[in-house]
Amino acid sequence: MKNNMLKKESLERWKIENAVDLYGVLNWGAGYFDISDKGEVVIYPSGKPDDKAISLMDIVSGIKDRGLGMPVLLRFGDILQSQITQLHESFRAAIEKFGYQGIYRGVYPIKVNQQQQVVEEVTRFGSRYHHGLEAGSKAELIAAISFLRDPEACLICNGYKDKEFVDLGLYALKMGFKCFFVIEMPSELLLILERAEALNIKPLIGVRIKISTQGGGHWTESSGDRSIFGLNTTQLLSVVDQLKEKNMLDSLQLLHYHLGSQIPNIRDIRFAVAEASRVYEGLVREGAPMQYLDLGGGLAVDYDGSHSNFPSSRNYSLDEYCADIIEVIMGTLDEQGIPHPTIITESGRATVAYYSVLLFNILDASCFETLPLPGKLQEGAHEMMVNLMEALQSLNVKNIQECYNDAIYYRDELRQLFKHGNISLREKAMGENMFWHIIKNIIKEVKKLKSIPSELEGVDTVLADIYYGNFSIFQSLPDSWAIGHLFPIMPVHRLDEEPTRNVILADITCDCDGKIDRFIDQHDVRNTLPLHDLKSDDEYYLGIFLVGAYQETLGDLHNLLGDTNIVSIQITEDGEFEFIKEIEGDSVADILSYVEYDVKAMVARFRETAEQSIRNGLITPKERQKIMKVFQAGLRGYTYFER
Ligand SMILES: *Cc1c(COP(=O)(O)O)cnc(C)c1O
């Protein structure tokens, strides 16, 4: 008997594999993330199991030793390098497999993460493959020509272009950059032709078309007839005719479309390539010396690891993506005897998402606790209390739904009674306590059911704890707030312990939208995140993963919380790691000056206020000195919670 019990206990003991399953780390980690035997999240910087694993907790302790505060954004250049390599190697393999006659050229769209470090590293790591850049504005073009050196790499100019933008692009072309102007709107052509003539530089021109396929996902407005960018067929032919008229059709060499970002379904990708290949064929027949087919972005990231066509996932691998593209283009062009174009893709998200991890500590928790129930109700207790007690006692797996409805009804009745002065504050509290006991028991019973009645779905979230994280969703995770995008979130340590709390995450913006209550799941979306109990002496660290794309520069200064500290980690030859770059986050004074405060004048004003307080006898001059010190230290400090 005793033996049996022991066996049972060890069978049920929490194991690292349970944590791997629970957080799905191998599903979304793409080989870069795993959990060590010590229960810590580890990184395999090139995504290969024979890499030496780097523990995030070792990095955390390095950060602490250097006196940097949480939150910290980690960047792993090795992961970026590996993503660029994989993209090119996958296309190379598909080109070989199908005997494709053209080549592949990748470009990185700067808007996906414009930070100098990112653009600099993309061009450095990408130079082996002639990886280029895509610029959507003047500022991005200036960034691009400052970092790109490779005459074989493509430089694609999208977006609205004014004279300065066009002149700069033309000069870049003359200097040897392979710089294309992509015509997004019919009116742009005239300006480009005019400036080209004035500067006597023959432009390289591309056309962006609207694709009628609409990809499913968050970001699909970029395609379809109603997309704001791109030419429809009539406009496209009018561009061709104008070029012919000016005897400039030989400038038109590239066809571009962008289906939208994060396209989860490979079918949409195939449809779009097929449609574009037909247009390409049409332009060749019109006499344009076409050479490039630029498929834009859209290559998705499997954020939830479900490998499905769910918006935060993708139902294809990188290899399938490349193979399908090659196959579809050949399928269309071969039968027409048209030479294979150079394929360009503008993959941003898939290139940089894995590269950054946001680390933060939990500051506090607000846990849901019920008080013990009285053994028996008091003599003369209100009828509604008696009803609640009965509901509680009669609850079983068969009458869950009925009990739930009753409990809600009695609780609402109690609230009415209180409002009309029929029961006391203490009676109301007691009734509510009983109500929460019922809900708790319902949650226990619901777990025994095979299928959960729709009304009871998510009932457990009402009892979830709230953990307060030292970060700002508005600054560091804008897509979570704006469009409900899901990111993998998990503790980076203590994974050898079973997590016992179900949690909703709140940030420190004190905005009621500053919370995360939807989490990734293999089959669905979770309403709570399983986390560990907080220990009073130890910090508890969480990581938000796959945040390298779009999150940093879309973030805003809500509640004047600014840029986080950034630390770049590089793996050395012997598999150890080094801190190669630290970018200090914004100070309070930085943030205030971004929103046009004059910090010096603020200090002077506050000093006057303090002086007035002395005159009013509220503080002493010595106290003024102390107060001013605190004020000025506050200005110099980090905008996040400092321990
Ligand atoms: C945003 C954008 C991209 C990047 O798309 P991803 O899905 O992030 O790869 C590429 N091309 C254009 C024109 C874009 O606007």
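The values are calculated or read from the model by the stated rules, or taken from the named source; none is laboratory data. Predicted model, so just to flag it, every value in this text is computed and none were measured. When we count neighbours, we look across all protein chains shown, and the Cβ atoms used for this are built from the backbone with ideal geometry, even at glycine. Accessible surface areas use protein heavy atoms only, side chains included; no ligands, DNA or RNA. Shrake-Rupley method; radii C 1.70, N 1.55, O 1.52, S 1.80 Å.
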**Q.** Charge dipole (debye, nearest 20) of region 310-448; +1 at Cβ of Lys and Arg, -1 at Cβ of Asp and Glu
**A.** 880 debye
Q. Using 0.36 nm per residue, how much length does the chain from Tyr597 to Glu402 gain when fully extended, once their Cα-Cα distance is taken away?
A. 64.3 nm
Q | region 85-215 - Rg and Dmax from Cα coordinates, angstrom | A | 15.6, 46
Q) Going highest first, how would you order 231-238, 377-384 by mean Cβ packing within 10 Å? A) 231-238, 377-384
Q | Antiparallel DSSP beta bridges within the chain, percent to nearest 5 | A | 50 percent
Q) For region 504-523, list residues with backbone N below 18 Å from a point placed 7 Å from the Cα of Ser366 toward its Cβ? A) 504-518
Q.
Give me the one-decimal nm value for the distance between modelled label points at Ile201 and Arg643, 7 Å along each residue's Cα-to-Cβ direction.
A. 5.4 nm
Q: Tell me the label-point distance for the pair Arg624, Val20, using the 7 Å Cα-to-Cβ offset, in nm and rounded to one decimal.
A: 6.6 nm
Q) Efficiency by 1/(1 + (r/R0)^6): what FRET value for Lys444 and Ser613, r their Cβ-Cβ distance, R0 = 60 Å, to the nearest 0.05? A) 0.55
Q) With every protein chain kept in the model, how would you rank Val630, Val595, Val279, Val41 by accessible area, 1.4 Å probe, largest at the top? A) Val630, Val595, Val279, Val41
Q) So between Ser61 and Glu383, what do we pick up on full extension, going 0.36 nm a residue minus the alpha carbon distance? A) 110.1 nm
**Q.** Inter-probe distance in nm under a simple model that places probes 7 Å from Cα toward Cβ, at Lys428 and Asp50
**A.** 6.9 nm
**Q.** Isotropically averaged projected area of region 249-400, using the convex hull of Cα atoms (one quarter of hull area), nm²
**A.** 18.2 nm²
Q.
Under 8 Å for C-alpha pairs, at least 6 residues apart: give me the relative contact order for the chain, rounded to a whole percent.
A. 15 percent
**Q.** Relative contact order (percent, whole number), region 367-491, Cα cutoff 8 Å, 6+ residue spacing
**A.** 29 percent
(Q) Using amide H atoms built in the peptide plane, which far-off residues or other-chain residues are under 5 Å from Leu252 H to H? (A) Ile205
Q. What does the accessible area per residue of region 491-603 come to in Å², with a 1.4 Å probe and no ligands, DNA or RNA counted?
A. 49 Å²
Q. How big is region 154-309 on each of its three principal axes, counting only the C-alpha atoms and giving the largest first in Å?
A. 54, 30, 25
Q: State the percentage of accessible surface on region 340-442 attributable to carbon and sulfur atoms; use a 1.4 Å probe and exclude ligands, DNA and RNA.
A: 49 percent
Q: Could you state the accessible area per residue of region 250-312 in Å², with a 1.4 Å probe and every protein chain left in place?
A: 29 Å²
Q. Once you sort the root eigenvalues of the Cα gyration tensor of region 1-127 as a ≥ b ≥ c, which label holds: rounded (a/c under 1.5), prolate (a/b larger than b/c) or oblate (the other case)?
A. oblate
Q | Hydrodynamic radius (Kirkwood) for region 541-643, which is based on Cα pairs only, to one decimal in Å | A | 17.0 Å
Q | Cα-centre dipole for region 506-643 with unit charges at Cβ (Lys and Arg positive, Asp and Glu negative), debye to 20 | A | 1180 debye
Q. Can you give the FRET efficiency for Glu390 and Asn559, using 1/(1 + (r/R0)^6), R0 = 60 Å, r = Cβ-Cβ distance, to the nearest 0.05?
A. 0.80
Q | Net charge over other residues, Cβ less than 10 angstrom from the Cβ of Trp28 (K, R count +1; D, E count -1) | A | -2
Q. Which value, in Å² rounded to 10, gives the accessible area of Ser454 with a 1.4 Å probe and all protein chains present?
A. 100 Å²
Q. How far, in degrees from 0 to 90, does helix 599-615 lean away from the longest principal axis of the Cα atoms of the chain, to the nearest 10?
A. 30 degrees
(Q) Given the whole protein assembly as supplied and a 1.4 Å probe, what does the accessible area of Cys510 come to in Å², nearest 10? (A) 120 Å²
Q: Heavy atoms only, probe 1.4 angstrom, no DNA, RNA or ligands counted: give me His558, His88 ranked by accessible area, highest first.
A: His558, His88
Q: Quick one: work out Rg over Rh on the C-alpha atoms of the chain, Rh as Kirkwood radius.
A: 1.06
**Q.** Value at 222 nm in deg cm²/dmol, rounded to 500, when DSSP H runs of n ≥ 4 in the chain each add -39,500 (n - 2.57)
**A.** -12500 deg cm²/dmol
Q: Can you run the Rg to Rh ratio on region 595-642? Use alpha carbon positions and the Kirkwood inverse-distance Rh.
A: 1.04
Q | Relative contact order (%) - region 42-103, alpha-carbon pairs under 8 angstrom, separation at least six | A | 29 percent
Q) Of Ala93, Gly77, Val107, which is farthest along the charge dipole of region 74-117 in the positive direction, counting Lys and Arg as +1 and Asp and Glu as -1 at C-beta? A) Val107
Q: Quote to one decimal, in nm, the extra length available between Ile452 and Glu152 on full extension: 0.36 nm per residue of separation minus the C-alpha distance between them.
A: 102.2 nm
Q: Report the charge-dipole magnitude of the chain in Debye, nearest 20, computed about the Cα centre from +1 at each Lys and Arg Cβ and -1 at each Asp and Glu Cβ.
A: 760 debye
Q: Of the options Ile544, Val446, Asn309, report the single residue whose Cα projects farthest towards the positive end of the charge dipole of the chain (beta-carbon charges: Lys, Arg +1; Asp, Glu -1).
A: Ile544
Q: Could you state the angle between the C-alpha long axis of helix 188-199 and the longest principal axis of the C-alpha atoms of the chain, as a value from 0 to 90 degrees rounded to the nearest 10?
A: 50 degrees
Q: With a 1.4 Å probe and all protein chains in place, put Leu449, Leu417 in order of accessible area, largest first.
A: Leu449, Leu417
(Q) So, R0 is 45 Å and r is the distance between the beta-carbons of Phe606 and Ile580; what FRET efficiency does that work out to, to 0.05? (A) 0.70
**Q.** J(HN,Hα) series, region 400-407, from Karplus relation 6.51 cos²θ - 1.76 cosθ + 1.60, nearest Hz, glycine and proline x
**A.** 3, 4, 4, 4, 4, 4, 4, 4
Q.
Compute the angle between helix 383-394 and the longest alpha-carbon principal axis of the chain, please, reported from 0 to 90 degrees and rounded to the nearest 10.
A. 70 degrees
Q: Give the long-range amide H neighbours of Asp563: residues separated by 5 or more places, or on another chain, with amide H under 5 Å away, using H modelled in the peptide plane at 1.01 Å from N.
A: Asp586
